1. At 7 Å along Cα-to-Cβ for each site, give me the label-to-label distance between Thr29 and Arg82 in nm.
2. Once both labels are modelled 7 Å past Cα along the beta-carbon direction, what's the Asp46-Ala155 spacing in nm?
3. Would you kindly derive the ³J(HN,Hα) couplings of segment 46-61 from the backbone phi angles with the Karplus curve 6.51 cos²θ - 1.76 cosθ + 1.60 (θ = phi - 60°), listing them in order in whole Hz, with x for Gly and Pro?
4. Taking a spot 7 Å from the Cα of Arg95 along the direction of its beta carbon, which residues of segment 44-82 have an amide N less than 19 Å from it?
5. Check Asp80: other-chain or 5+ apart residues with amide H under 5 Å from its amide H, H built from backbone geometry?
Amino acid sequence: MSEEPRAVGVSGQADVADVADNAADAPGTTRFHLQGSPTATTAARDLVRAWCRDRAVPGQAADRLVVLVQAATRVALERDPRRVAVGLRWLDPDRIILDVRSRGCSSPGPVAGRHAHRSAQASPAAMVFEVAAQGWGSRLRATESVQWFVVDTTAT
């Protein structure tokens with residue numbers, strides 16, 4: 001029997017940092033708090049897929065969200081976080097915002113030795129994330145990172 005993905009912090013198990021993060025979310029945001037472990041990528045994929053199914057997100061948009069959350073979670077895990085938080089919210093009837101946050105990282109950059117394990121999909125994505133963050137003038141603590149995307153649900 002396969003184990004269901006478990007979202008940490010959703011059933012009253014949140015720590016103080018998770019509660020503070022949730023307080024800043026816009027109304028209607030769904031946020032999943034996952035353990036910062038190798039299983040986070042699979043759990044994030046399954047949770048986003050279920051979120052899309054529950055909200056009747058069109059197939060291609062749902063597929064894009066799943067691919068993006070997997071790539072962003074892989075990049076987040078390179079910093080060895082305690083938690084990975086995945087947020088989803090309808091921006092308007094045609095667009096969904098996805099964000100992936102790493103919390104409590106043990107390193108301000110990728111953990112030594114992990115570069116060799118980067119997937120072909122995650123490496124270019126990490127560079128795009130960094131350039132976009134710099135362009136927006138983002139300021140994060142050294143032990144955190146955020147990657148965000150807006151997905152058009154009408155694009156084919």
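1. 1.9
2. 2.9
3. Along segment 46-61, the couplings run 5, 5, 5, 4, 5, 4, 4, 4, 5, 10, 6, 5, x, x, 5, 5 Hz.
4. 57-58, 60-66, 68-69
5. Val111
Each value in this text was obtained by applying a stated rule to the coordinates, not by laboratory testing. Because the structure is predicted, anything quoted here is derived from the model rather than measured. Note that each Cβ is placed from the backbone with ideal geometry, even for glycine, and that neighbours are counted across all protein chains shown.
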